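First the structure, which I've put down as structure tokens, then a few questions once you've had a look.
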Amino acid sequence: FVPPLGLFLVACIPTVPPVNRSFGDLITVSLHTVGALMMVGGYSICEIVALRSVSMANADGEHGAILKPREWCVRAVLIGLSLFSGMAFQVCGILTPKPVDTLGTDSCADVFVVPSQRDLDWVLQKSGSADLNAALEISQAIHEQKKLLLDTAYGRCLTLKFLEYWFEVLAGIFMVASHLAVWWFCPERKLDLPEKLPDLAKQELRRQGYHASFVGLGSGDDPEDASSNSEFDGEAEDRERT
């Protein structure tokens with residue numbers, strides 16, 4: 001149940017940029033990260049254990065799970081790419097420089113600063129709905145002493161941010177592709193089951209403790225019902241003779 005719970009945490013708990021994070025934001029980001037590890041890492045461990053058990057059974061000459069041609073290789077490559085993308089995502093996140101709060105530094109990272117009244121006056125001199133929205137955001141940031149983005153990353157920092165984003169996306173894509181590979185190679189995919197499930201026998205329904213009204217919906221004969229009917233018929237015959 002680890003991968004589904006991880007997917008639930010990732011989908012329901014959003015993450016926020018590292019700037020202006022409160023204590024509550026740190027908790028939610030930590031839970032989001034744990035969910036991602038549970039989703040990708042948990043599924044990867046399950047798939048690796050399954051593939052390893054097949055390899056060990058074949059090496060020992062035992063009859064383990066039967067895989068189709070190239071199935072083991074396809075599943076191993078996909079789960080390996082998913083793990084590699086996840087680890088590369090973490091490495092790029094560590095190597096990406098942290099945002100700075102002043103212009104003119106040697107850092108190529110994003111620049112976040114608390115806007116000033118001068119910035120607000122400059123925006124108010126312009127016209128347009130977008131400028132009014134920016135003025136409202138700046139005014140609220142000044143009141144709350146909240147940092148806003150002043151300049152975006154460039155050069156090496158921008159490349160690392162792009163790589164971090166795409167490795168995270170590829171980790172999820174390869175994980176989904178691994179699921180699809182398991183579904184594609186499984187023999188159950190081509191089973192043609194009847195549209196209607198067979199009815200349980202009356203005797204089996206009675207053994208499982210179902211009410212008599214449900215037992216009557218079953219198929220076949222019910223020995224207990226037949227014996228009770230024969231006893232009832234015998235009592236009726238005795239009454240007629242008397």
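At 1.4 Å probe size, put His179, His143, His32 in order of accessible surface, largest to smallest.
So the residues, ranked largest to smallest area, are His143, His179, His32.
Further question: How do Trp184, Trp72 rank by accessible surface area computed with a 1.4 Å probe, from largest to smallest?
Trp184, Trp72
On average, how much area does the Cα convex hull of the stretch 11-145 cover when viewed from any direction, in nm²?
If I average the Cα hull's projected area over directions, I get 13.9 nm².
Now for a separate question. Take every Cα-Cα pair in the stretch 1-74 and report what % of them are more than 19 Å apart.
Value for the stretch 1-74: 54 percent of Cα pairs lie more than 19 Å apart.
Mind giving me the FRET efficiency for Phe1 and Ser116? R0 is 41 Å, r the Cβ-Cβ distance, nearest 0.05 is fine.
E(calc), rounded to 0.05, equals 0.20.
Moving on. Lys126: which lysines have alpha carbons under 24 Å from its alpha carbon, excluding same-chain residues fewer than 8 sequence positions away?
Lys146, Lys147
Show me the ranking of peptides 203-210, 171-178, 134-141 by mean Cβ neighbours inside 10 Å, starting with the highest.
171-178, 134-141, 203-210
Using the per-residue mean of other Cβ atoms lying within 10 Å as a proxy for protection, in what order, highest first, do the peptides 107-117, 155-165 fall?
In descending order of packing, they fall as 107-117, 155-165.
Would you mind telling me the share, in percent, of accessible area of the stretch 1-118 contributed by carbon and sulfur at probe 1.4 angstrom?
The computed percentage sits at 72.
Can you tell me which lysines have their Cα less than 27 Å from the Cα of Lys190? Leave out same-chain residues fewer than eight positions away.
Lys68
The values are calculated or read from the model by the stated rules, or taken from the named source; none is laboratory data. It should be emphasised that the depicted structure is a prediction, and the values quoted were computed from it without experimental measurement. Because the Cβ atoms are built from the backbone with ideal geometry, glycine has one as well, and the counts that use them run over all protein chains shown. Accessible surface is based on the protein model in full, side chains and every heavy atom, while ligands, DNA and RNA are left aside. Shrake-Rupley method; radii C 1.70, N 1.55, O 1.52, S 1.80 Å.
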